[in-house]
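Asker: The following block contains the structure, expressed as structure tokens.
The values are calculated or read from the model by the stated rules, or taken from the named source; none is laboratory data. Just so we're clear, the structure is a prediction, and the values are computed from it rather than from any experiment. Counting neighbours? That spans all protein chains shown, and the Cβs are built from the backbone with ideal geometry, glycine included.
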Amino acid sequence: MNYVVQRLLTFPLILLGVSVLVFVSIRLVPGDAITAMLGTEAGLLTPDQRAALAAYFGIDQPIWSQYLRWLTGLFQGDLGISSVYGKPVLAIILERFPLTLQLALMSMVISLSVGIPLGVFAATRNEKPSDLIVRMLAMLGQSTPSFVIGVLIIYVLSVFFGMVPAMGTFTPLFVDPLASIGQLIFPAITLGFAFAASVTRISRSAMLDVLSDDYIRTARSKGASQRSVVWRHALPNALIPVVTLAGVEFGYLLGGAVIVEQIFALPGLGRLVLDAITQRDYALVQGTVLFIAFNFLLVNLLVDLAYVALDPRIRIGSR
Amino acid sequence: MQKLFRAFLRHPSGRIGLAIISLYLIAALLGILGITPHDPLKLFAIDRLKPPNATYWFGTDLLGRDTFSRLMVGIKQSMIIAFSSVALATLFGTIIGLLAAWWGTLWDGILMRIMDVLLAFPAILLALLIIAIVGPGTGTSVAAIAIVYTPIFARVVRGPALSLKQRDFVDAARTFGSSQPYILSRHLLLNLVAPLAVQVTLALAWALLTEAGLSFLGLGTQPPTPSLGLMLAESKNLMTQAPWLMIFPALTIMLGILGFNLTGDALRDILDPRMERREA
């Protein structure tokens, strides 16, 4: 259980490191925070007003005390106030997060349900033409960035089907599930495209590995059908690396949402980060980046723990 | 070395990958030398939005600029950013990974936890954070991509370096009184060339992708310098009238990434067959 304990202990440590990094990097922005917040209007402030504002936001304090204050705030769910929206950062994030989460989950479902069967299919036809075709497609898919796929999808939809994918609007899942899924289906395909290709490649190579194991030969010699050998005996073990990949990738899907939400003009978390950067809303940049990194770390932790549960061999050695 | 090259050419993905990369390097070189069919910045006002023809091979954009020449300069821009950022990431990642493995215990813990903190961000997000601080531009793109990939190189180097450190020939070198820098460069680094070569090629593919992604978002290379991502982003509003403005940049980006991915795969197959399983 050594590995699990070690993993649980390093989690808060890394999280602390992430918070320091985000905090310090935002402080590295040239110019003072008040000018950043108010823009050109900052020039109209009297020195007294400026000092009062600095005291109000606590930026007249030394940096370590600012950090401690910010950190205590974090534990109370206080990520600061957005200078553009004038609302608590956490409230804005929670407003935007459902879309991004649903988008990431949908692309994950799409990529796994396309990638795993394709990978298994290719593995069972090792080195035959159909395997080569799947591998070529997977290679091509892995080399296609989401923004290329997104633009191509919009082009094909508008030119050949005369339709424009719903842009800029989002109906929450619990309000109208069908409309909600329909609005996100093309963005989800865009986001999941390259990932489906990675899943195909990983499932293929994992399946090939497992199919050459002794226990598979035993199953075959006991007269199990090809279908039963592949799906019942081999697949569960072949899925272990796919699960790890899916966990790591989930965080990247949250990050990749930045680009996809931009293409389809979706009001999600990724769009929020981007807008916050262009509008120089530093509290919001800080909060959203921290929020996404936290989720990314949490998912990775859960995947690692799930991995231990799935594969007892890891419990003993460390990585 | 010659044997390696021949094995590489026998590998089908290696051949295709190498051909694509050579093509891109030539385009980049011509771009650097300024040898393009037309001036990529010149506005041919009467020839706006012309479809591909004998004069403008890939057509012209809304301002009457030649797409083919702009793509060449865009490739140059992408290649410069990709190669310099990966070079920086390889340099710093290798140094950090080697030192972490060599010094061990406390330093290993500190250095690798710092790398873990950097790895706690989705790549594009870390790059965006850096751009938020410094402001967009070519130099920022290079720095951002380099910082994103440094921890990956540190990890790739540290693992094998740790096991090499225990090997007899390193002990032998120590007893002979070889200096630390000598052992590190001669005995450790030389044995790490294979995994590094694979990682460098794959990182180049990712760097191309990230650079194009950042300029697609308007946060990478700034206009009027042509960049592949920006050309694609600008084509969005004109895609029905001028599909060539979208198709050529899209294909150029895809093919470039494909070239490096294919090469990386071939290198991995040839240099270390065992790595196939652990691909991610």
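Asker: Would a scan of region B:218-229 turn up a residue that is buried (at least 24 other Cβ atoms within 10 Å of the Cβ), within 12 Å of another protein chain (Cβ to nearest Cβ), touching a helix residue (DSSP H, G or I) at 6+ places or on another chain (Cβ under 8 Å) and without any contact (Cβ under 8 Å) to a residue 60 or more places away in the chain?
Answerer: yes
Asker: Do the conditions hold for B:Ser185, that is, is it over 21 Å from the mean Cα position of the chain (by Cα), part of a helix (DSSP H, G or I) and crowded, with 19+ Cβ neighbours inside 10 Å?
Answerer: no
Asker: Can you find a residue that is part of a loop (DSSP other than H, G, I, E, B) and within 12 Å of another protein chain (Cβ to nearest Cβ) anywhere in region B:105-120?
Answerer: yes
Asker: Additional query: Take the conditions buried (at least 17 other Cβ atoms within 10 Å of the Cβ), touching a residue at least 60 places away in the same chain (Cβ under 8 Å), under 28 Å from A:Leu94 (Cα atoms) and among the polar types (S, T, N, Q) and apply them to A:Ser203. Does it pass? Outline the logic, then answer.
Answerer: Details: buried (at least 17 other Cβ atoms within 10 Å of the Cβ): yes; touching a residue at least 60 places away in the same chain (Cβ under 8 Å): yes; under 28 Å from A:Leu94 (Cα atoms): no; among the polar types (S, T, N, Q): yes.
For A:Ser203, the condition - buried (at least 17 other Cβ atoms within 10 Å of the Cβ), touching a residue at least 60 places away in the same chain (Cβ under 8 Å), under 28 Å from A:Leu94 (Cα atoms) and among the polar types (S, T, N, Q) - is not met.
Asker: Here's a follow-up. From the set of residues in region A:94-132 that are under 30 Å from A:Pro267 (Cα atoms) and among the polar types (S, T, N, Q), which is surrounded by the fewest Cβ atoms within 10 Å (Cβ to Cβ)?
Answerer: This residue is A:Ser113.
Asker: Given A:Tyr85, A:Tyr67, which one is over 20 Å from the mean Cα position of the chain (by Cα) and part of a helix (DSSP H, G or I)? Break it down stepwise before answering.
Answerer: Details: A:Tyr85 fails: part of a helix (DSSP H, G or I).
That would be A:Tyr67, the only listed residue that is over 20 Å from the mean Cα position of the chain (by Cα) and part of a helix (DSSP H, G or I).
Asker: Take the residues in region A:133-157 that are without any contact (Cβ under 8 Å) to a residue 40 or more places away in the chain and over 16 Å from A:Val199 (Cα atoms), then tell me which one is surrounded by the fewest Cβ atoms within 10 Å (Cβ to Cβ).
Answerer: A:Val156
Asker: Right, something else. Using the structure shown, decide if B:Leu219 is outside any helix (DSSP H, G or I) and over 21 Å from B:Asp66 (Cα atoms). Break it down into steps so the answer makes sense when it comes.
Answerer: Values: outside any helix (DSSP H, G or I): yes; over 21 Å from B:Asp66 (Cα atoms): yes.
In short, yes.
Asker: Moving to a separate point now. Tell me, please, whether a residue that is within 24 Å of B:Phe260 (Cβ to Cβ) and in contact with a Ser or Thr (Cβ under 7 Å, 6 or more places away or on another chain) can be found in region A:168-190. Before the answer, list the steps.
Answerer: Restricting attention to region A:168-190, the residues satisfying the condition of being within 24 Å of B:Phe260 (Cβ to Cβ) are A:190.
Those left that are additionally in contact with a Ser or Thr (Cβ under 7 Å, 6 or more places away or on another chain): A:190.
The answer is yes, given that some residue of region A:168-190 is within 24 Å of B:Phe260 (Cβ to Cβ) and in contact with a Ser or Thr (Cβ under 7 Å, 6 or more places away or on another chain).
Asker: Here is a follow-up. Please determine whether any residue of region B:167-187 is more than 14 Å from chain A (Cβ to nearest Cβ) and in contact (Cβ under 8 Å) with a residue 60 or more places away in the chain. Outline the logic, then answer.
Answerer: Start the filter on region B:167-187 by keeping residues that are more than 14 Å from chain A (Cβ to nearest Cβ), which leaves B:167-187.
Now restrict to residues that are in contact (Cβ under 8 Å) with a residue 60 or more places away in the chain: B:180, B:184.
Yes - at least one qualifying residue is present in region B:167-187.
Asker: Looking at (1) surrounded by fewer than 19 Cβ atoms within 10 Å (Cβ to Cβ); (2) modelled with pLDDT under 85; (3) over 24 Å from B:Thr221 (Cα atoms), which one does B:Gly34 not meet, given that it meets all the others?
Answerer: Every condition holds for B:Gly34 apart from (3).
Asker: From the list B:Leu258, B:Leu214, B:Leu251, which residue is within 11 Å of chain A (Cβ to nearest Cβ) and over 15 Å from the mean Cα position of the chain (by Cα)?
Answerer: On the way: B:Leu258 fails: over 15 Å from the mean Cα position of the chain (by Cα); B:Leu214 fails: over 15 Å from the mean Cα position of the chain (by Cα).
That would be B:Leu251, the only listed residue that is within 11 Å of chain A (Cβ to nearest Cβ) and over 15 Å from the mean Cα position of the chain (by Cα).
Asker: Give the residue that is farthest from B:Leu255 (Cα to Cα), with candidates limited to residues of region B:188-206 that are in contact with a Pro (Cβ under 8 Å, 6 or more places away or on another chain) and touching a residue at least 40 places away in the same chain (Cβ under 8 Å).
Answerer: Checked region B:188-206; the qualifying residue farthest from B:Leu255 (Cα to Cα) is B:Leu192.
Asker: Moving on to the next point. Would you check which residues across region A:139-153 are among the hydrophobic types (A, V, I, L, M, F, W, C) and more than 7 Å from chain B (Cβ to nearest Cβ) and list them?
Answerer: A:Ile149, A:Ile153
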